[in-house]
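**Student:** First the structure, then my questions, so here it is.
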Amino acid sequence: MSSGTRVPCLVIALLVLGCAVSVRAQEKLAATPPMGWNSWNHFAEHVDDKTIRETADALVSTGLKDAGYIYLNIDDTWEGQRDASGIIHANEKFPDMRALADYVHGKGLKLGIYSSPGPKTCAGFEGSLGHEEQDAKTYANWGVDYLKYDWCQQPPANVDAMKAAYTKMHDALEKMGRPIVLSLCQYGWNKVWEWGPSVGGNLWRTTGDITDRYSSMAEIGFNQNGLEKFAGPGHWNDPDMLEVGNGGMNEDEYRTHFSLWAMLAAPLIAGNDLTKMTPYTVEILTNREVIAVDQDPAGKQGFRIAQEGPFEVWMKPMADGSRVVGLFNRQRTVEQMSVNFSQIGISGQGSIRDLWLKKDLGTFKDRYSAYVPAHGVVLVRISGK
């Protein structure tokens with residue numbers, strides 16, 4: 001803009017107002033971390049219409065919906081071909097997406113879908129490059145409520161190219177007038193947490209793909225420390241989907257997985273077969289007190305306050321002034337661990353509630369200690385001044 005060019009004050013005011021309205025809408029759409037289910041971790045390319053309908057039924061019958069899991073997300077391999085006009089159609093596995101969305105909505109749930117800003121998805125199906133607005137319109141017409149947008153190509157040398165691709169889809173979705181959560185899946189490249197909100201992302205992957213092994217989960221989860229300042233209502237760090245119930249970890253390790261994700265204010269997106277859950281898996285996924293840690297309205301992400309070798313102490317400030325503390329034992333043997341109240345800003349006495357036992361443990365002075373299982377956690381809520 002030349003020095004002699006003036007922008008009317010009204011135009012500036014409207015631009016500022018528009019930006020503020022967009023931010024408020026973003027925060028309202030994902031005021032707390034999204035909760036739901038995604039097909040990839042368990043079903044991968046074998047997902048189909050029948051699977052999604054059965055999962056919708058299971059979300060309701062198992063109590064997961066009542067616990068907050070409302071997004072039912074179809075991952076890659078649903079895509080068919082584009083017609084002569086460029087409109088994307090689902091393949092034979094999904095004969096009627098609109099009817100499927102109606103079924104999901106009829107259960108009080110929301111439907112999610114998947115695409116890529118590139119020409120192809122990660123599994124080699126049709127991506128959205130050059131068809132962003134067409135696809136956004138198709139998704140809105142189907143009744144889609146959530147889009148996982150997966151980069152599926154090498155990271156560009158220029159971060160601006162990535163920002164432009166995600167902004168283009170966000171703007172296309174916004175034109176549809178339908179609230180659609182935008183999940184940026186690009187594996188933490190180019191420090192996405194620094195710019196994710198500016199391109200309309202409600203959540204963004206901070207890491208590569210998780211696998212159903214303790215080593216994978218622990219490496220991803222514990223390495224989220226330091227990203228807490230980038231999380232908040234409407235925009236969340238996403239350390240990938242939950243593996244709880246898929247069979248590759250033991251019960252203590254899955255409890256660690258769920259506790260850590262809750263402490264991280266991470267999206268809680270289950271990835272197991274909901275029609276074949278053990279009572280223990282249901283117990284983990286529906287623990288209201290642990291879910292409340294994740295869904296706390298303050299929207300603060302927890303962080304590590306102490307570490308000694310394989311022993312880590314994490315803390316998450318809560319809206320009511322209490323602190324949730326996780327004693328995480330990454331050792332292969334049972335060990336005693338402690339938190340000093342001075343580490344979490346409490347002087348003197350603190351009242352302790354164990355969130356997995358769902359039991360008040362009483363009042364303690366200056367510190368709290370507990371024996372923590374191998375690869376396990378003790379998760380407590382501490383109230384005090």
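**Student:** Would you mind computing, in nm to one decimal, how far apart the modelled labels at R82 and D320 are, each placed 7 Å from Cα along Cα→Cβ?
**Tutor:** 5.2
**Student:** Quick check for me: using +1 on Lys/Arg Cβ and -1 on Asp/Glu Cβ, what's the dipole size of the chain about its Cα centre, in debye to the nearest 20? Kindly include the intermediate steps, with their values, before the conclusion.
**Tutor:** Numbers: 38 positive and 46 negative charges, 262 e Å.
In total the dipole reaches around 1260 debye.
**Student:** Over segment 128-242, what is the mean sequence separation of C-alpha contacts under 8 Å (at least six apart), divided by residue count, expressed as relative contact order in percent?
**Tutor:** Details: 149 pairs, mean separation 26.7, N = 115.
Relative CO of segment 128-242 lands at 23 percent.
**Student:** Still on this structure, I have one more. Output the 0 to 90 degree angle, nearest 10, between the alpha-carbon long axis of helix 132-142 and the longest principal axis computed from the alpha carbons of the chain.
**Tutor:** With both axes taken from Cα atoms, the answer is about 70 degrees.
**Student:** Subtract the Cα-Cα distance of Q134 and N250 from 0.36 nm times their separation in residues, and report this length gain in nm to one decimal. Write down the numbers at each step before the final one.
**Tutor:** Numbers: separation 116, 0.36 × 116 = 41.76 nm, distance 4.48 nm.
Extra length available between Q134 and N250 comes to 37.3 nm.
**Student:** What FRET efficiency do you get for N340 and E92 if R0 is 51 Å and r is their Cβ-Cβ distance, rounded to the nearest 0.05? Working shown, then result.
**Tutor:** Working: r = 60 Å, r/R0 = 1.18.
The formula returns an efficiency of 0.25 here.
**Student:** Still on this structure: Just want the ordering: T281, T333, from fewest to most Cβ atoms lying within 10 Å of their own Cβ.
**Tutor:** On the way: T281 21, T333 9.
Starting with the residue having the fewest Cβ neighbours, the order is T333, T281.
**Student:** Just list whichever of K316/K358; K50/K120; K168/K300 have alpha carbons separated by over 20 Å in the model shown. Could the numbers behind the result be given before it?
**Tutor:** Values: K316/K358 18 Å; K50/K120 25 Å; K168/K300 29 Å.
With Cα atoms farther than 20 Å apart: K50/K120; K168/K300.
**Student:** Right, another one. Evaluate the Kirkwood expression for the hydrodynamic radius of segment 303-384, namely the inverse of the mean inverse distance over all pairs of different C-alpha atoms, and round to one decimal in Å. Before the final figure, lay out the partial values.
**Tutor:** Working: mean 1/r = 0.0794 Å⁻¹.
Taking the inverse mean of 1/r over all distinct Cα pairs, segment 303-384 comes out at 12.6 Å.
**Student:** Starting from one equal scatterer on each C-alpha and no solvent at all, send me the Debye-based log10 I(q)/I(0) for segment 232-385 at q = 0.11, 0.14 Å⁻¹, two decimals.
**Tutor:** Scattering profile of segment 232-385, log10 relative to I(0): -0.41, -0.67.
**Student:** Does anyone have the angle between helix 159-175 and the longest principal axis of the chain? Alpha-carbon axes, 0 to 90°, nearest 10?
**Tutor:** Helix 159-175 sits at roughly 70 degrees to that axis.
**Student:** How do D150, D66 line up, fewest other C-beta atoms within 10 Å first?
**Tutor:** Listing D150, D66 from fewest to most nearby Cβ atoms yields D66, D150.
**Student:** A follow-up question, please. Determine the percent antiparallel among the DSSP beta bridges restricted to segment 33-294, to the nearest 5. Don't skip to the answer; put the middle values down first.
**Tutor:** Values: 4 of 27 bridges.
Counting DSSP beta bridges with both partners in segment 33-294, the antiparallel share is about 15 percent.
**Student:** For the chain, treating each Cα as an identical point scatterer without solvent, what Debye log10 I(q)/I(0) comes out at q = 0.15 1/Å?
**Tutor:** Log-scaled intensity ratios, in q order: -1.33.
**Student:** Please work out how much length the chain gains when fully extended from K359 to D102, using 0.36 nm per residue of separation minus the C-alpha to C-alpha distance, in nm with one decimal.
**Tutor:** Values: separation 257, 0.36 × 257 = 92.52 nm, distance 4.09 nm.
Taking K359 through D102 to full extension adds about 88.4 nm, to one decimal.
**Student:** Here's something else I'd like to know. I'd like the Kirkwood hydrodynamic radius of segment 80-167, using the inverse of the mean 1/r over distinct C-alpha pairs, in Å. The partial results should precede the final answer.
**Tutor:** Working: mean 1/r = 0.0716 Å⁻¹.
Evaluated over segment 80-167, this radius sits at 14.0 Å.
**Student:** In segment 52-202, what % of DSSP beta bridges are antiparallel (nearest 5)? Display every interim value, and only then the final one.
**Tutor:** Working: 3 of 15 bridges.
Around 20 percent antiparallel, to the nearest 5.
**Student:** Next question, about the same structure. Normalised by the empirical 2.2 N^0.38 Å for globular proteins, what value does the Cα Rg of segment 162-318 take? Kindly include the intermediate steps, with their values, before the conclusion.
**Tutor:** Details: Rg = 16.1 Å, N = 157, 2.2 N^0.38 = 15.0 Å.
Against the empirical 2.2 N^0.38 Å value, I get 1.07 for segment 162-318.
**Student:** Note the full-extension length gain between V60 and Q154 as 0.36 nm times their separation in residues minus their Cα-Cα distance, in nm to one decimal. Provide the component values of the computation, followed by the final result.
**Tutor:** Working: separation 94, 0.36 × 94 = 33.84 nm, distance 3.90 nm.
Stretched fully, the V60-Q154 segment lengthens by 29.9 nm.
**Student:** Only counting other Cβ atoms within 10 Å, I'd like M176, M217, M35 sorted with the fewest neighbours first. Kindly include the intermediate steps, with their values, before the conclusion.
**Tutor:** Details: M176 16, M217 26, M35 20.
In order of increasing Cβ crowding within 10 Å: M176, M35, M217.
**Student:** If you build the convex hull over the alpha carbons only and average its shadow over all orientations, what do you get for segment 193-271? Give it in nm² to one decimal.
**Tutor:** On the way: hull surface 19.5 nm².
Taking a quarter of the hull surface, the average projection is 4.9 nm².
**Student:** List every residue whose amide H lies under 5 Å from the amide H of Q331, counting only residues 5 or more places away in sequence or on a different chain, with H placed 1.01 Å from N in the peptide plane.
**Tutor:** Answer set, sorted by chain and number: H375.
**Student:** What nm distance separates the two modelled labels at S198 and T278, each placed 7 Å from Cα along Cα→Cβ?
**Tutor:** 4.7
**Student:** Here is a follow-up. Tell me which residues come under 5 Å, amide H to amide H, from I346 once H is placed; ignore anything under 5 positions away on its chain.
**Tutor:** Residues meeting the criterion, in which the H sits 1.01 Å from N, do not exist here.
**Student:** State, as an integer percentage, the relative contact order of the chain based on alpha-carbon contacts under 8 Å between residues 6 or more apart.
**Tutor:** Numbers: 795 pairs, mean separation 52.4, N = 385.
Over the chain, the number comes to 14 percent.
**Student:** Something else: Quickly estimate the mean residue ellipticity at 222 nm for the chain, helices only: each DSSP H run with n ≥ 4 gives -39500 (n - 2.57), and the total goes over all residues, rounded to 500.
**Tutor:** It lands at -9000 deg cm²/dmol.
**Student:** Tell me which of N190, G112, L357 sits at the most positive position along the dipole axis of the chain, charges placed on C-beta atoms (Lys, Arg +1; Asp, Glu -1).
**Tutor:** L357
**Student:** In debye to the nearest 20, how big a dipole does segment 303-384 give about its Cα centre with +1 on each Lys and Arg Cβ and -1 on each Asp and Glu Cβ?
**Tutor:** Values: 11 positive and 7 negative charges, 29 e Å.
Here segment 303-384 has a charge dipole of around 140 debye.
No lab work stands behind these numbers, since they all come straight from the coordinates. This structure is a prediction, so every number in the text was calculated from the model and none was measured. Every residue, glycine among them, receives a Cβ derived from its backbone with ideal geometry; neighbour counts consider all protein chains shown.
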